[in-house]
Each structure stands twice: as structure tokens, then as C-alpha cells.
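Everything below concerns the one structure shown next.
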Amino acid sequence: MMLVGDKIRGIRLLKGLSQENMAEMLSMSLVAYGDIERNKTKELTLKRLEQIAQVLGVTVPDILSFGDRISNFFENCQNTNVLNGENASNITHYNDSKEIQHQLQIAQLEIEKLKLEKEKMQWELRYWQEKMEKEEKTNVF
């Protein structure tokens with residue numbers, strides 16, 4: 001079972017953000033943010049969790065359920081045995097159907113992964129744009 005900090009770390013990594021990026025966007029120290037991901041913070045408030053969700057571009061329920069879909073996918077995958085005998089054609093058809101379902105699930109996970117990668121790139125672009133704007137404001141005389 002993944003703890004909240006582990007889930008936050010997983011989403012952050014999928015989005016390609018560093019802990020430094022997160023700490024800066026949340027206006028907190030790197031150590032304090034790292035403690036959240038390491039599940040060492042005494043009390044993670046709902047407000048802070050909402051801020052983290054906003055920075056990651058997800059919802060609080062997305063964070064709390066992160067990893068569940070993938071673990072459920074693997075729990076639902078079962079090895080099938082090939083049997084010989086008169087029921088072999090029925091079993092082969094069943095296995096073919098299961099294989100198609102399995103391939104469909106893999107394709108859906110790939111689509112989800114690509115969507116997350118796109119979102120990651122959008123967040124990274126936003127991060128760098130905001131950083132550039134901040135630097136431009138400080139460089140104005």
C-alpha cells in the first residue's frame with residue numbers, strides 16, 4: 001500500500017518535475033517538501049495537499065488513488081494454462097479473448113501515459129514561462 005508521500009512522488013516523477021521545482025512552486029523549503037514525499041511530515045494539511053495537487057495539475061482524489069488502477073490491473077491479470085483435450089479449443093478461444101482484453105488494457109495504459117507526458121510538458125513549459133517572467137520583472141530598471 002502506497003502512502004500519500006509515495007503517491008505524490010510518483011505523480012511528480014511522471015510529470016518530470018524535480019523536488020526543487022515543487023518546493024519552489026509551493027514556496028517552501030526543499031527539506032520540507034522532501035519530508036512530505038518521504039512521509040516524514042507530522043501533519044500534511046488538506047490545504048497543502050490541495051496546493052500540491054494544483055501544482056501537479058491533478059485533483060486530491062487523483063493523488064489519493066494514484067497507483068490503485070495500475071496495481072488493480074496487475075492483480076486482475078492471471079496466468080492461464082493451456083490444457084490438452086476436447087476443451088482445448090474453448091480454452092484457446094477464452095485465452096484469445098483474455099489476450100485481446102489484456103492488449104486493450106495495455107493500450108489504454110499507454111494512452112494514459114502519453115496524456116500524462118503531454119501534461120508534464122505543458123506544466124514544464126508553464127514553469128519555465130513563469131520563471132522567465134519572474135526574472136524579467138526583477139531585471140527591469
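See the values below:
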quantity: Residue ID - surrounded by the fewest Cβ atoms within 10 Å (Cβ to Cβ), chosen from residues in region 99-141 that are closer than 17 Å to N21 by Cα and aromatic (F, W, Y); calculated: W128
quantity: Failed item in (1) farther than 24 Å from L14 by Cβ; (2) at pLDDT 85 or above; (3) in contact with a helix residue (DSSP H, G or I) (Cβ under 6 Å, 6 or more places away or on another chain), with E135 passing the rest; calculated: (3)
quantity: Those helices (runs of 4 or more DSSP H) lying entirely in region 1-111 with at least 1 residues under 30 Å from Q129 (Cβ atoms), modelled with pLDDT of 90 or more and in contact with a Lys or Arg (Cβ under 9 Å, 6 or more places away or on another chain); calculated: 4-14, 19-25, 30-37, 46-56, 60-65
quantity: Leading residue by the ranking (nearest to the chain's Cα centre (by Cα)) among those in region 32-71 that are among the hydroxyl-bearing types (S, T, Y) and surrounded by 15 or more Cβ atoms within 10 Å (Cβ to Cβ); calculated: Y33
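The values are calculated or read from the model by the stated rules, or taken from the named source; none is laboratory data. Owing to the predicted nature of the structure, the values given are computational and were not obtained by experimental measurement. So basically every Cβ, Gly included, is an ideal-geometry build from the backbone, and we count neighbours across all protein chains shown.
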